[in-house]
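Peer 1: The structure under discussion is supplied below as structure tokens; questions concerning it will follow.
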Amino acid sequence: MKLTRRRRVAVWVAGVLVAVLAATTGALAYAYPSVAATTCPRCYGLIPLRDGLYAERGLSEARRQQIVALYTEANARVAGFYGGRASSPTVLACDTAACYSQIGGGGERGVAVLNRAVMLSPRGLDAVIAAHEMSHVELHQRLDAGHVPQWFDEGLAVLIAGDERYLLPHTGGDRCRLASDEALPETLDEWLRAARSDEQVYAKAACRVSRYVDANGGPQAILTLINSLNHDAPFPAITP
């Protein structure tokens, strides 16, 4: 079929775009495998267990059901705190170190990727770790324009996940396990440095967040704060 000049130009442009996209996708996968993997889990050999949840191939049916169960529980913890969900992150669950390395994971138990997906390592296949990472995604989905310091983000994730490594059991009283009046890390880089030298920084952040929530009416305090921040209010001074 003979093409008109306009049609030939259109085909040429389309071809260029395809080539650029292919090159970009390849570069993305090379430089940022975690971003590429969460964008296309099947491309990395992960298969869906249910909507939004992927795991590596070859797992037994019993192991698949365990992963679905912890995923369901983690979702319930986040939804229970907020009274619903605003986010629906893609979750990649790896049962082997080889799988986690292939999708760009490191030594962490789990990680939130670009505030829209979650990757779980073999050590992170637990409802607490999954809920912690999902909490990060949920908070940032709700923060349309606002911003919180990293210590607050992490402390809130510990609280929502119910991580008893850093909080006392939920018995109706003060859950603070380790109080501190020191300045806590504001940025992600500062937080990562602090956590590498003292993992109990999570307990200090969780203490401050849990006391703020208790003093301001429970989980509703977080919804109120998010709404305030989204309307350009400054982040409040939260004391220990």
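The values are calculated or read from the model by the stated rules, or taken from the named source; none is laboratory data. Quick caveat, the model's predicted, so the values are computed rather than measured. Methodologically, a virtual Cβ is constructed for each residue, glycine included, from the backbone with ideal geometry; neighbour enumeration extends over all protein chains shown. Surface areas here come from the heavy atoms of the whole protein model, side chains and all, with no ligands, DNA or RNA. Shrake-Rupley method; radii C 1.70, N 1.55, O 1.52, S 1.80 Å.
Peer 1: Yes or no: ALA131 in a strand (DSSP E or B) and in contact (Cβ under 8 Å) with a residue 12 or more places away in the chain? Reasoning before the result, please.
Peer 2: Working: in a strand (DSSP E or B): no; in contact (Cβ under 8 Å) with a residue 12 or more places away in the chain: yes.
The answer is no for ALA131.
Peer 1: Something else now. Of everything in segment 207-232, what is hydrophobic (A, V, I, L, M, F, W, C) and either closer than 14 Å to LEU159 by Cα or at pLDDT below 95 (or both)? Give them in sequence order.
Peer 2: Let us first name the residues in segment 207-232 that are hydrophobic (A, V, I, L, M, F, W, C), namely 207, 209, 213, 215, 221-223, 225-226, 229.
Within segment 207-232, CYS207, VAL209, VAL213, ALA221, ILE222 meet the criteria.
Peer 1: What number goes with the only condition from (1) open to solvent by 80 Å² or more (accessible area, probe 1.4 Å); (2) assigned to a helix (DSSP H, G or I) that CYS207 does not pass?
Peer 2: (1)
Peer 1: Enumerate the pairs (first residue in segment 153-164 and in a loop (DSSP other than H, G, I, E, B); second residue anywhere and at pLDDT 95 or above) with beta-carbon separation below 6 Å, excluding pairs fewer than 6 apart on the same chain, so at least 6 apart or on different chains.
Peer 2: Pairs found: ASP163/VAL128.
Peer 1: Would you tally the residues in segment 53-81 being β-branched (Val, Ile, Thr), open to solvent by less than 60 Å² (accessible area, probe 1.4 Å) and over 15 Å from the mean Cα position of the chain (by Cα)?
Peer 2: Initial filter on segment 53-81 (β-branched (Val, Ile, Thr)): 67-68, 72, 78.
In the following step, the residues that additionally are open to solvent by less than 60 Å² (accessible area, probe 1.4 Å) were identified as 67-68, 78.
From what is left, the residues that are over 15 Å from the mean Cα position of the chain (by Cα) are 67-68.
Residues meeting the conditions: 2.
Peer 1: Right, another one. Only residues in segment 71-92 that are closer than 23 Å to ALA36 by Cα and touching a residue at least 24 places away in the same chain (Cβ under 8 Å) count as the first member; pair them with residues that are assigned to a loop (DSSP other than H, G, I, E, B) and open to solvent by 50 Å² or more (accessible area, probe 1.4 Å), Cβ under 7 angstrom, at least 6 apart or cross-chain, and list the lot.
Peer 2: Pairs found: PRO89/ARG116.
Peer 1: Also, I was wondering about something else. For segment 211-240, how many residues are open to solvent by less than 90 Å² (accessible area, probe 1.4 Å), of a type in the set (S, T, N, Q) and either under 24 Å from ASP181 (Cα atoms) or more than 24 Å from the chain's Cα centre (by Cα) (or both)?
Peer 2: 1
Peer 1: Looking at (1) under 16 Å from the mean Cα position of the chain (by Cα); (2) of a type in the set (A, V, I, L, M); (3) not in a helix (DSSP H, G or I), can you tell me which one LEU178 breaks?
Peer 2: With respect to (1) under 16 Å from the mean Cα position of the chain (by Cα); (2) of a type in the set (A, V, I, L, M); (3) not in a helix (DSSP H, G or I), LEU178 is out only on (1).
Peer 1: Of the conditions (1) closer than 29 Å to GLU56 by Cα; (2) open to solvent by 30 Å² or more (accessible area, probe 1.4 Å); (3) in a loop (DSSP other than H, G, I, E, B); (4) not hydroxyl-bearing (Ser, Thr, Tyr), GLU186 satisfies every one except a single condition; which number is it?
Peer 2: It is condition (1) that GLU186 fails.
Peer 1: Okay, next question. Could you count how many residues in segment 134-152 are over 21 Å from SER34 (Cα atoms), open to solvent by 10 Å² or more (accessible area, probe 1.4 Å) and in a helix (DSSP H, G or I)?
Peer 2: 3
Peer 1: Suppose we filter segment 159-173 for residues that are among the charged types (D, E, K, R) and open to solvent by 80 Å² or more (accessible area, probe 1.4 Å); how many remain? Don't jump to the end; show me each part of the working.
Peer 2: Going residue by residue through segment 159-173, those that are among the charged types (D, E, K, R) are 163-165.
Narrowing further to those that are open to solvent by 80 Å² or more (accessible area, probe 1.4 Å): 164-165.
Going through segment 159-173 one residue at a time, the tally reaches 2.
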